[in-house]
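What follows is one structure encoded as structure tokens, with my remarks underneath.
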Amino acid sequence: MSPAARNAWFRTLGQLALVLAIGLAIGLLLGRPWPALTVAALAVVAWHYWKLRGVLLRLTARQRLEPPTGEGVWNELDRLLHRSQAEMRARKRRLLAMLRAYRAAAAALPDAIVVVDRNTQRVLWFNEAATPLLGLHYPRHQDASLVAALQPLPLAQWLAAGRNAEPLTDVASPADPGMRLNLRLIPYSEELWLLVARDVTRTMRLEHMRRDFVANVSHELRTPLTVVHGYLEMLDPAEIPEWAPMLAEMQRQSQRMNQLVEDLLALSRLEARDQLPEEPVAMAPMLATLRREAEALSQGRHRVSVEDAAGVDLLGSTKELHSAFSNLVSNAIRYTPAGGEVAIRFARDPDGGASLAVRDSGYGIPATHLPRITERFYRVSNSRSRESGGTGLGLAIVKHVLGLHHASLDIASEVGKGSTFACRFGPGRLLPRDPTPETPALP
Ligand code: ADP
């Protein structure tokens, strides 16, 4: 008990004793002490009941309590009630201010934010940016069905995926078909979802410009390079023997530039596509071709083995898959010293899919480089890559081709022991093997 409350308590006890003493004194004077004492006690009880009623009335009236001025327990109780009411009001004011600040921040965000009821899929709240980005208007779309409000966006299936919904990237805005959006669904409580839409028109335009620029430059470089390369081929080093080493170097460099341009064009072509032809890819001839290519590149310096254990074919683009696989085979040969081993294996996976793995016993790749190895022009060792005639684009092409086939690239490597690059295809990509494949063996 606080000192003030203790004082009030003793003061009230004192008052009670005083009233009873006065009652007793009057009773003694009148010669009938008990009735007088009883009347005094009843008066005290009645007074307390009256005060209690007052407190109950003030509490039920839900009015702002006036700060009490008197003393005694009832005043002390009033003072405590007044204090807790004032504290509660201050807390409420603070919470309201915070809520307003959050709302103002959410409303001012450049991204569109929509709060959706998870069960009914209805719009509960949206910020200002939802109007220009998604075409939502207040109050028309308040409590409207999200799928209907954002037509023609294909949201029904996306919402059905709920927590597992992948972000929708580069979709046209329902408010303005020229605007491109990225949409994300964030389930932030049991009942509520947050739909966040970001305007990526500028980023997409820049990305297109970058892609077109690279493709155009590569295309423009192709002709002059072919001419230079052609003339270099025509020059006979036997005629000017002192130029022979320079000519050989010039031919090697122009060959490298040609390869760079071809790889850049291949990457641009792949980037510009959303999907590839879905044709049966005969794996037996594919593996035979990969063996031939590996042996031609190795020139007998490596032990090359090919194992076809899957007994299935794939669904996808024969041309692009061949380009990806042969990039992996070429890397395995180029980054494995003479006397090493290169094993190509096509086998089923435990998940029902299949994978084509290229294993080598070569230099290996330090673990720190693995996360970035498929970026374009990323090399573990520049000199080794150049020596081996690499452009730094091979694995970027592999990753793109596999992405277009919804397949993944798994890389395991140990320095000094070798590496394994495995292309994993899901069960949906497998076809029963045709014993008489129509697709001829690749050249
Ligand atoms: P590059 O044309 O330089 O070979 P890639 O994109 O094919 O470009 O490969 C990127 C880098 O990854 C290479 O420079 C090399 O350092 C490393 N790398 C790729 N495959 C292997 C491999 N089988 N063994 C060791 N290192 C490899």
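The values are calculated or read from the model by the stated rules, or taken from the named source; none is laboratory data. Keep in mind it's a predicted model, so treat the numbers as computed, not measured. Using ideal geometry, Cβ is built from the backbone for each residue, glycine included, and neighbour counts are taken over all protein chains shown. Just the protein is used for accessible areas: all its heavy atoms, side chains included, with ligands, DNA and RNA removed. Shrake-Rupley method; radii C 1.70, N 1.55, O 1.52, S 1.80 Å.
Residue-wise, which Karplus ³J(HN,Hα) couplings in Hz belong to region 252-263, taking 6.51 cos²θ - 1.76 cosθ + 1.60, θ = phi - 60°, and x for glycine or proline?
With coefficients 6.51, -1.76 and 1.60, one gets 5, 5, 5, 5, 5, 4, 4, 5, 4, 4, 5, 5 Hz.
Cα centroids of region 324-390 and region 1-70: how far apart, whole angstrom?
94 Å
For a quick protection proxy, order the peptides 200-209, 338-347 by their average other-Cβ count within 10 Å, most packed first.
Descending mean neighbour count gives 338-347, 200-209.
Which far-off residues, 5 or more places away or on another chain, put their amide H under 5 Å from the one on D170, with H placed in the peptide plane?
Counting only residues 5 or more places away or on other chains, the set is L181, N182, L183.
Ratio of the chain's C-alpha Rg to 2.2 N^0.38 Å, to two decimals?
In units of the 2.2 N^0.38 Å rule of thumb, it is 1.85.
Please list 3J(HN,Hα) in residue order for region 172-181, calculated via the Karplus relation 6.51 cos²θ - 1.76 cosθ + 1.60 where θ = phi - 60°; whole Hz, with x for glycine and proline.
In residue order, the calculated couplings are 6, 6, x, 7, 8, x, x, 8, 9, 10 Hz.
Before I look further, what does region 313-357 give for accessible area per residue, probe 1.4 Å, in whole square angstrom?
Per-residue accessible area for region 313-357 comes out at 31 Å².
Using a 7 Å offset from the Cα along the Cα-to-Cβ direction at both A160 and W50, what is the distance between the two label points in nm, to one decimal?
7.5 nm
Restricting to DSSP H runs of at least four residues, report the calculated mean residue ellipticity at 222 nm for the chain, -39500 (n - 2.57) per run over all residues, nearest 500 deg cm²/dmol.
-17000 deg cm²/dmol
Run the accessible area of region 88-144 with a 1.4 Å probe and give the carbon-and-sulfur part as a rounded percent.
Taking all protein chains in place, region 88-144 shows 59 percent carbon and sulfur surface.
Expressed as a whole percentage, what fraction of the accessible surface of region 279-432 belongs to carbon and sulfur atoms when a 1.4 Å probe is rolled over the protein heavy atoms?
Of all accessible area on region 279-432, carbon and sulfur atoms account for 52 percent.
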